[in-house]
Each structure stands twice: as structure tokens, then as C-alpha cells.
Amino acid sequence: MSEIFKRSLKRRQFLQLTSSTAIGAVLGSTTYLGFAQTSQAAGNPWILKVTRGVDDKNKFFYNGKTPGPTITASAAETIELTLINDMEPDNEECPRDINTPHGENITNFHTHGLHVSPELDKTGRFDADNVFLKVIPLGQKECGNIDDIRRGENKYRFDLPRDHTPGTHWYHAHNHGSTDKQVSGGLVGAIIIKDPPGSDMPDYITEAPERVIIISNGKAIEVDPEGGGQSDHVIKLAPGAVERWRIINADPRANSFLELNVDSPDVELWQIAYDGLTLEKRVRILSDNREPWLAAAALAPGNRTDLMVRVKNNAAAGRVALVAGQIRATLLRMPGQESLARASAPVEVRIEIEGDPISRPWSDNPELPGPGLPPIPRETQTKRTVTFSVEPDSTNPNGYRFMINGKLFGEDPDPMFKMKLGDWETWHLENKDTGIHPFHIHVNPFFVTHINGKELAKDDPLRRWQDVIAIPPQADGSPGNIDIVSHFADFTGKFVIHCHILAHEDIGMMRVVEVIK
């Protein structure tokens, strides 16, 4: 097993965590304010039943709720999950062009951010993070590769490596052709990989109460671990309060490039993790209205951030808000959907400061244990270029071709790249379009080294690991670009890279890559 996902643990405590039983016995509980803690252990089977709204067909649900229940787990555990498609079959014909919206009643399951197998579990009997699968309703017409079809339900098993890093991740539907509709409609949920006991995470973080907030469809939802949540309530904090807020941008639309800030000097925001990976040093978040590829707390569709929310001891009573404001509108080039890219109202989490001051742990030391990943090498084995582009095409049903390296999803029967297991690679991401495209890769995160040709300084907060990044648009004919370094550790198999504006993914801005031995 590679060391890539090993956390910093004291030796004795690490040896105690060699089985999921040991992990479950010593983890203890996390306080999620406002909700009862879920009683379902990660090692027990999760059951998610997908249904669709009766009166509003644009709404989708896991177990009758949205978001779905929060899945919690620890390194070395196996997440067992049965996905049931309880939607009605439709009479839709098989699409002539797979890169058009279709398959609204077909679904599947993606563990966004987890470092797990993209194909099968370790027994070889159950599916893992395979987004090529289609879980169809019983009675649904079968289209595509028969080996990828699961009728009515499917059992997944996700084997977490012993050294999987803790962090904030999420799950969502990922059926090509209906990904945008289902994710926008509510098929999202949080995944929390817990901090192990004995890690070097500071006490002021491990002892802090937590909230999980999912931004979805223009709302900030404080998530109930059992599923569902609240979006229009007021969070009450006392002077001196310190909390950990896990924030997930699950809104896949083109206008969901968000910057976080707070509208009061009495409340401090400190970033401690990004895309589920702990930073080397916490970062104070201040509003600077920078472009989404330059702001440390910017969230492109699919990004996550963990914030320590700290109320000053002398904070005045009153109403404040954490604001997720749109940074930049981008043009969504599809007839009838241009309005989706227009400026939208900020998403707000309302906070009421009230009550007597309380005392919570804090530290003036900004150092954090970091993600526990190996340092990137000075030289990598392979260098590749990934180009996002959009071209008009009168013969295309969408009017445009949304491409990666000049091709739509499925146009090339072979994987775009084949990476060797264990290799480090440098990828040059470039964007020839006038709109922003967030790049996402499954299974493995990447480390950001350059933005628009400029190398990031070693202490730049943007020089970090993540799994989604907004690629700048072209300027004066020159593509926007970002350089990343990836380590393809632990798992072989085929998976995808794509634009995380999911309407773009559905119409072709996705390609298959493969890790080989």
C-alpha cells in the first residue's frame, strides 16, 4: 500500500487502528449542533432509495430527503451501500447521441473525493466508484453496454485504505446525460472521513462542535446527519464560540463560483482544509473579491472547505451572516439556459450572536499537520496537456461541442491517457474558452504548482492539494492555464476527468483515463 494517504499518527495509536473494529471502538462521537447524531455505523450497510418528485419532476430524493444522510467512516473501514432506483420507468428511446441530456430516471453513485477503487472492491465481487454503471428502474428499456446495467438496485463496497486521509467529501449521482438534472435536483450528500485519535490535529479543532453545510440549488443547507436539513433558520452563537463548519459546494451550475466571507469584524473565518485535505497552516479568510482561481476560500462547483468559525469574546449581540457570494458569471452556451449563468443572489448562512461569553479552546499557533501526503518530486515521469474548448457546431443538437483535447466523451473508444501505477505526472490544464471550466478528476487528488504560467510561492495558500479547480478563461486569445502534479497511487482501472459544471459534462466535456500496471 502506498504511503500517499497515511495520516500523521503516533506509532502506538497507529498500531491500534489496524482493524475497523478497533477504529470504531476508539473514535468517540462528534457533536453536530442542532441535530441528533446518526446511529448508523459506517461498517453497517447503508441503504439509499432514489425517488423523484411527484408534483415537481425536477426534484430527486435519497430516502425521501435531500440532501441524503451523512455517511461517516474511518480509514481502513469498508462502506457498504445499496442503491435502490425506485423511480418509475419511462418510455424514452435510446439516445442517438449520448452527449445530450437523457436518462432522467437512470442513476448511479459517485464518492467525490474518496481515494478508492474506480472499478471493483477488494473481493472483486462488488462495484466500487464506477460511474460507467447505470442503475435503471425495473421495467426500464436497456440502452448501452449490457455489462454496465444494474436492474433496480446495486450493491457498492468502498474499501478505504488504512492510510486514507480524514476529510470532508460528498456523494452524488453521476449518470452521464442526467448528472446535472439529478445533482441540481437533490441527489447529493456528505461523506465525512473522521480524524483518527492520536493525530496531530490541534485540540481546538478536534474538540470543536461541527456543522455540515451543503450549498445546493442556491441554498445553504445545514445538514441533518439522517438526511434533509434546514436552510432558512438562524444559527445562534455565543461570544467566544469556536466551531468547525464543513462546507460543500454541491451546486453544479455555471453561476456557482462562490467566495466565502463574513459581514462582521466580530466573527473570524479560518480555513483549515480544502477538498478534504488538511492544510499545512490555517488561513485567515477575508473578502478580497478575487477571481475564483486566485481566492483561497473560493468554491467552484464540487469544491469543499473546512472553516473554523470563531466569535470574538467581546462580540456585540446582533445578526451577522456568512456569505457565499458569486464571484464571476459565466456564459452557459446552451439555448434556453443562458439565464443560469446570470448573477444570482448571494447564499447566506444567518448567524445570531447572543448570550453570555463562553470559553472554547483556541491557539495562536497557525500550524496544522497537513494532508499527510508525500512531497511532490522535482521532476515527474510524464508531462501531459489537457485542453478544454468549446466550438460552435450547427450539426450538434446542443449547438456547440464541449470538448476535452478536441473530442467529446465517447468519441474515442480508448482512454485519453494511460498512467502507470505509482507514477507522478505533471498535467498542464488549459482553457481556450471565454468561460471558466472547473476541472475534476476521480480517485486521485492533485497538487497545484502554477496558475497562468506563474509558479506559486511555497507559502502561497493556493499551493495545495485538491480535486476540483477552476481553470481561468482565455484572455486576448491566450488560454488560461494551471499546472498540477498527480500521484497515481494504489488503484488501477478506468475513471474520468470532466468539467464540474455538470451540464457541460452531460453534453460531452468528459474523457476516460486509465491507470495501468
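List, in the order given, every pair from 407/432; 65/194; 383/418; 57/181; 134/407; 122/517 whose Cα-Cα distance in the structure shown is over 19 Å. Walk me through the intermediate numbers first.
Details: 407/432 14 Å; 65/194 24 Å; 383/418 12 Å; 57/181 10 Å; 134/407 23 Å; 122/517 16 Å.
Cα-Cα > 19 Å for 65/194; 134/407; rest within.
Multiply the residue separation of residue 284 and residue 49 by 0.36 nm, subtract the distance between their alpha-carbon atoms, and state the gained length in nm to one decimal. Write down the numbers at each step before the final one.
Values: separation 235, 0.36 × 235 = 84.60 nm, distance 4.02 nm.
Once the chain is fully extended between residue 284 and residue 49, it gains 80.6 nm.
Sort out for me the Cα centre separation of region 133-178 from region 79-102, rounded to whole Å.
For region 133-178 versus region 79-102, the Cα centre distance is 11 Å.
Using Cα pairs closer than 8 Å and at least 6 residues apart in sequence, work out the relative contact order for the chain, in percent.
15
Which residues does the label zone of residue 313 cover in region 189-224, counting backbone N under 20 Å from a point 7 Å along Cα→Cβ?
203-205, 207-209
Antiparallel DSSP bridges in the chain: what percent, to the nearest 5? Please report the intermediate quantities before stating the final value.
On the way: 99 of 133 bridges.
Expressed as a percentage, antiparallel bridges in the chain total about 75.
Hey, got a sec? Which GluC sites (Glu not before Pro) in region 62-140 land in a DSSP loop and have at most 13 other Cβ atoms within 10 Å?
Here the sparse-neighbourhood loop sites are 93.
Only loop residues by DSSP count here, and only those with at most 14 other Cβ atoms within 10 Å; note down the trypsin sites (Lys or Arg not before Pro) in region 420-501 that meet that. Please list the in-between numbers first.
Numbers: sites: 420, 432, 454, 458, 463, 464, 494; in loops: 432, 458, 463, 464.
Here the sparse-neighbourhood loop sites are 458.
With all distinct Cα pairs included, what does the Kirkwood hydrodynamic radius of region 338-458 come out to in Å, to one decimal, could you say? List each step's numbers first, then the result.
Numbers: mean 1/r = 0.0504 Å⁻¹.
Value: 19.8 Å, from the Cα pair sum.
Work from the charge dipole of the chain (Cβ charges, +1 for Lys and Arg, -1 for Asp and Glu, about the Cα centre) and give the residue of 368, 437, 309 farthest towards its positive end.
Checked the options; the winner is 368.
Just to verify a number: FRET efficiency for residue 405 and residue 352, C-beta to C-beta distance, R0 = 51 Å, to 0.05? Please list the in-between numbers first.
Values: r = 50 Å, r/R0 = 0.99.
According to the calculation, E is roughly 0.50.
So, with +1 on the Cβ of K and R and -1 on the Cβ of D and E, and no other charges, what is the size of the charge dipole of the chain about its Cα centre, to the nearest 20 debye?
Working: 56 positive and 70 negative charges, 150 e Å.
The dipole magnitude comes to about 720 debye.
Just to verify a number: FRET efficiency for residue 142 and residue 458, C-beta to C-beta distance, R0 = 45 Å, to 0.05?
Numbers: r = 53 Å, r/R0 = 1.18.
Plugging the Cβ-Cβ distance into 1/(1 + (r/R0)^6) gives 0.25.
Along the charge dipole of the chain, which of 504, 406, 225 sits closest to the positive end, that is, farthest toward it, with unit charges on the beta carbon of Lys, Arg, Asp and Glu (+1, +1, -1, -1)?
Of the listed residues, the answer is 225.
Can you give the extra length, in nm with one decimal, that the chain gains between residue 428 and residue 91 once fully stretched, where that is 0.36 nm per residue apart less the Cα-Cα distance?
Values: separation 337, 0.36 × 337 = 121.32 nm, distance 4.31 nm.
Additional length available on full extension: 117.0 nm.
For the chain, what are Rg and Dmax over the alpha carbons, in angstrom?
Taking only Cα atoms of the chain, I get Rg and Dmax of 21.8, 66 Å.
Give me the one-decimal nm value for the distance between modelled label points at residue 203 and residue 418, 7 Å along each residue's Cα-to-Cβ direction.
Going from the residue 203 label point to the residue 418 one covers 5.5 nm.
Taking θ = phi - 60°, what integer Hz values does the Karplus form 6.51 cos²θ - 1.76 cosθ + 1.60 yield along region 268-273, in sequence order, with x for Gly and Pro?
Karplus-based 3J(HN,Hα) across region 268-273 equals 9, 10, 10, 7, 10, 7 Hz.
For region 252-312 and region 450-504, what is the separation of their Cα centres, given in Å?
Comparing the Cα centres of region 252-312 and region 450-504, I get a distance of 18 Å.
Quick one: of the DSSP bridges fully inside region 382-516, what percent are antiparallel, nearest 5? Don't skip to the answer; put the middle values down first.
Numbers: 37 of 48 bridges.
Of those bridges, close to 75 percent are antiparallel.
Return, in residue-number order, each cysteine of the chain whose C-beta is not under 4.7 Å from any other cysteine's C-beta.
499
Per residue of the chain, what 222 nm ellipticity follows from adding -39500 (n - 2.57) for every DSSP H run with n ≥ 4, rounded to the nearest 500?
Numbers: 5 runs with 29 residues, N = 517.
Calculated from helices alone, the mean residue ellipticity at 222 nm is -1000 deg cm²/dmol.
Every number in this text was worked out from the coordinates using simple rules, so none of it is lab data. It should be emphasised that the depicted structure is a prediction, and the values quoted were computed from it without experimental measurement. All Cβ positions, glycine included, derive from the backbone under ideal geometry; neighbour counts span all protein chains shown.
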